[in-house]
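Asks: Input: one structure, supplied below.
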Amino acid sequence: MFRSLRRALCAAAAALLLMLAGVGAQTVHADPADAGDRAGAGDRAAAAGAGYWHTSGRQMLDAAGQPVRIAGINWFGFETANYAPHGLWARDYKSMIDQMRSLGYNTIRLPYSDDLFKSGTVPNSIDFSGGKNADLQGLGSLQIMDRIVAYAGQGGLKVVLDRHRPDAAGQSALWYTSAVPESTWIANLKALATRYRGNSTVIGIDLHNEPHDPACWGCGDTTRDWRLAAQRAGNAVLSVNPELLIFVEGVQTFNGVSGWWGGNLMGVAQYPVQLDVPNRVVYSAHDYATSVAQQSWFSDPSFPANMPGIWDKYWGYIFKQNIAPVWVGEFGTTLQSTIDQKWLAALVSYLRPTSTYGADSISWTFWSWNPNSGDTGGILKDDWTTVDTVKDGYLASVKAPGFPSGGGDPGDPGDPGDPGGGTAACTAAYTVSSDWGGGFNAEVKVTNSGAVALKSWKVTWTWPGTQKVTSMWNASYTQSGSTVTAANADHNGALAVGGSASFGFGGAPGGGGAPAVSCTAT
């Protein structure tokens with residue numbers, strides 16, 4: 001609820017910042033996967049996600065039939081009057097995607113509006129100084145999307161495209177408006193499906209963001225029935241790219257029971273979405289905390305113990321009854337109130353920890369990467385670089401492994417090992433992503449350069465100065481003097497031949513440059 005106001009505030013804030021401060025503007029606000037005790041799971045998990053995906057019951061499966069879990073992040077901006085992801089006024093897009101990966105997010109949800117398809121649309125507010133975003137210069141919005149998809153895929157991330165709005169002006173209750181009729185909506189969905197045909201980095205399309213009253217589910221009125229509209233649009237998408245997943249959000253009200261915009265999937269039990277291509281539907285719910293709006297369940301005396309029952313009623317039953325996969329496409333909070341903290345802890349538990357359930361879990365993309373979301377803030381703080389480690393920490397138990405780079409090869413589910421007894425080996429590349437004098441952020445990418453799958457790795461380097469690690473994510477570390485040794489986390493130690501994993505860290509003071517690193521593998 002009140003989501004159009006939030007989106008409008010975000011766009012207005014970004015535009016104001018850029019007018020005031022130019023391209024250097026800042027914003028105005030604010031155990032993971034070890035697949036369990038299955039023998040050999042570590043080696044297989046490193047390659048899970050290759051190719052296009054499909055569904056089977058409540059799970060999403062990759063091209064080799066391995067279950068996969070989306071554990072991702074929303075990066076908005078294409079749907080606003082900037083016509084490009086936000087934050088490019090502060091950083092290079094590659095460094096942002098690298099940081100997402102280093103934090104353990106494996107999927108990016110990219111909101112967009114139909115304005116991207118208009119000939120007069122020109123992306124703006126991108127900083128090209130100092131070599132930043134150099135390969136985006138002179139490109140249109142869809143071409144920038146191409147570059148983001150390509151780089152995300154190279155790093156082993158998947159992408160879900162989200163038709164967020166009909167235009168940059170704001171959210172719409174229905175999937176069409178007088179200015180953007182249903183025919184335009186469907187034509188543009190088909191254009192995107194065609195554009196990325198054969199590129200399995202783009203696994204699917206979220207057909208329309210947050211349908212709400214007067215949208216209905218199962219009422220039969222073709223001007224309001226979102227379920228019927230989703231079937232029309234989904235079949236149109238699959239007619240040009242039958243490999244894609246079709247993500248279908250809920251509505252606001254079903255049979256007089258209301259909830260979050262897009263968060264009410266109660267109608268699925270009686271009126272499921274039926275597409276011409278089987279095993280392609282993923283249902284998507286949105287769920288928020290009190291920093292977005294108050295709901296009756298937050299003031300229930302039993303809160304937060306009442307929340308699993310609320311989620312069961314609105315969308316969780318779809319997963320629990322093995323009807324279809326469920327993806328919580330948006331959830332977020334500023335975390336400033338105790339209620340919101342309890343809500344997020346309860347929701348993360350409900351999504352099922354990866355260490356216990358592997359990919360037999362509810363998928364998710366957190367709202368948002370951006371700090372300039374008015375009522376939630378983001379994983380990044382207002383400098384567009386520093387990580388909100390408290391907020392990110394809440395998500396640690398439901399993060400999941402990344403996927404094969406380059407979009408994956410459907411015919412190559414991964415190398416289970418070398419029965420000939422080859423040698424384990426790895427290389428490591430150290431990159432400073434930002435340096436502000438008093439401190440810096442860096443990322444290390446570890447690659448299996450040997451002939452056998454790895455079970456674990458560790459990286460060592462020695463700084464020439466007095467730098468100290470202040471925080472590290474996706475690895476554990478020890479530091480003795482100026483020498484640092486970082487070892488893999490539980491979820492990213494297993495690497496197939498040619499596979500890679502990344503970890504990131506903050507350090508102080510700045511100005512350290514990139515030292516030589518060594519990698520040891522087993």
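The values are calculated or read from the model by the stated rules, or taken from the named source; none is laboratory data. Everything quoted here is computed from the prediction, not taken from an experiment. Note that each Cβ is placed from the backbone with ideal geometry, even for glycine, and that neighbours are counted across all protein chains shown. These accessible areas exclude ligands, DNA and RNA; they are computed on the full protein's heavy atoms, side chains included. Shrake-Rupley method; radii C 1.70, N 1.55, O 1.52, S 1.80 Å.
Asks: Restricting the search to segment 473-522, which residues are among the polar types (S, T, N, Q) and assigned to a loop (DSSP other than H, G, I, E, B)?
Replies: Across segment 473-522, the qualifying residues are 474, 482, 492, 522.
Residues are listed down the side, and each one gets a yes or a no for (1) modelled with pLDDT of 95 or more; (2) closer than 23 Å to residue 263 by Cβ:
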| site | (1), (2) |
| --- | --- |
| 330 | yes, yes |
| 340 | yes, yes |
| 355 | no, no |
| 364 | yes, yes |
| 392 | yes, no |
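Asks: Moving on to the next point. With respect to residue 138, is the statement that it is surrounded by fewer than 17 Cβ atoms within 10 Å (Cβ to Cβ) and on the phi > 0 side of the Ramachandran plot true?
Replies: yes
Asks: Among the listed residues 241, 235, which satisfies the condition of being in contact with a helix residue (DSSP H, G or I) (Cβ under 9 Å, 6 or more places away or on another chain), of a type outside the set (A, V, I, L, M) and modelled with pLDDT of 95 or more?
Replies: Matching residue, one of 241, 235: 241.
Asks: Starting from segment 455-471, take each residue that is among the small types (Gly, Ala, Ser) and list its partners that are in a strand (DSSP E or B), counting only C-beta distances under 6 angstrom and pairs at least six apart or across chains.
Replies: 456/488; 471/506
Asks: Tell me which residues, restricted to segment 262-294, are small (Gly, Ala, Ser), open to solvent by 10 Å² or more (accessible area, probe 1.4 Å) and within 23 Å of the chain's Cα centre (by Cα).
Replies: Result: 291, single match.
Asks: In addition: Look at residue 75 and say whether it is hydrophobic (A, V, I, L, M, F, W, C), over 18 Å from the mean Cα position of the chain (by Cα) and at pLDDT 95 or above.
Replies: Criteria not met by residue 75.
Asks: Out of the residues in segment 158-213 that are acidic (Asp, Glu) and assigned to a strand (DSSP E or B), state the one that is surrounded by the fewest Cβ atoms within 10 Å (Cβ to Cβ).
Replies: 167
Asks: Run down 67, 85 and say which single residue is open to solvent by less than 10 Å² (accessible area, probe 1.4 Å) and out of contact with any Ser or Thr (no Cβ under 8 Å at 6 or more places or on another chain).
Replies: Sole residue among the options that is open to solvent by less than 10 Å² (accessible area, probe 1.4 Å) and out of contact with any Ser or Thr (no Cβ under 8 Å at 6 or more places or on another chain): 85.
Asks: Among the residues of segment 106-135, how many are open to solvent by less than 20 Å² (accessible area, probe 1.4 Å) and of a type outside the set (A, V, I, L, M)?
Replies: 10
Asks: May I pose another question? Scan segment 461-497 for residues that are surrounded by fewer than 17 Cβ atoms within 10 Å (Cβ to Cβ) and small (Gly, Ala, Ser) and jot them down.
Replies: Once the filter is applied, which keeps residues that are surrounded by fewer than 17 Cβ atoms within 10 Å (Cβ to Cβ) and small (Gly, Ala, Ser), segment 461-497 yields 465, 471, 476, 480, 481, 482, 487.
Asks: Would you pick out the residues in segment 45-60 that are more than 21 Å from residue 500 (Cβ to Cβ), open to solvent by 20 Å² or more (accessible area, probe 1.4 Å) and not basic (Lys, Arg)?
Replies: Selection gives 52, 54, 56, 57, 59.
Asks: Taking segment 214-241, which residues are within 25 Å of the chain's Cα centre (by Cα) and crowded, with 19+ Cβ neighbours inside 10 Å?
Replies: 226, 227, 230, 231, 233, 234, 237, 238, 241
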